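Quick notes on the structure that follows.
The values are calculated or read from the model by the stated rules, or taken from the named source; none is laboratory data. Quantities reported herein were computed from a predicted structural model and do not represent experimental measurements. Glycine gets a Cβ as well: all are built from the backbone with ideal geometry, and neighbour counts include every protein chain shown.
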């Protein structure tokens, strides 16, 4: 990849990578840091990464950096155990469908949320998602299916919507 192609990658893909990471982390600063780290890593590998594969390479790198950060934070802080009662938390009344969808996405396990976002929001194929997340195409399909089921269960529950 040339320097010109690298700059084109920055212009074309930085926002998409940021949106993907931001939707998972819900933290603007950390999302910006991860995008910056991903482009820095791409710069270091600029001679080995082909321009046509740069988008998938960036998403894969950003995803792996995000997972590393999440794992590191889990080791550093004590967290309460995840219970099913957390899924039925309906402390407020929602009228905005966007809020409801984001709340439902937050309840999903990380691998299901990531697969759904890459498939439905970014438009990647199953194979590309598998390459990004480091899982098989079959596992990607399973994660998307389970994520959609969990979203459906959450959304059809009237106490979550009303």
Kindly evaluate residue 8 against the criterion of being part of a helix (DSSP H, G or I), closer than 19 Å to residue 102 by Cβ and assigned by TED's automatic domain parsing to the domain that holds residue 71.
no
Among the residues of segment 135-153, are any assigned to a loop (DSSP other than H, G, I, E, B), in contact (Cβ under 8 Å) with a residue 40 or more places away in the chain and surrounded by fewer than 18 Cβ atoms within 10 Å (Cβ to Cβ)?
no
Can you run down the residue pairs with Cβ atoms below 6 Å, 6 or more apart or on separate chains, where the first is in segment 1-29 and modelled with pLDDT under 85 and the partner is surrounded by fewer than 16 Cβ atoms within 10 Å (Cβ to Cβ) and part of a helix (DSSP H, G or I)?
1/51
Find the residue count for segment 69-121, including only residues that are at pLDDT below 80 and part of a loop (DSSP other than H, G, I, E, B).
17
I'd like to check something: does segment 111-124 contain any residue that is loosely packed, with under 15 Cβ neighbours inside 10 Å, on the phi > 0 side of the Ramachandran plot and more than 13 Å from the chain's Cα centre (by Cα)?
no
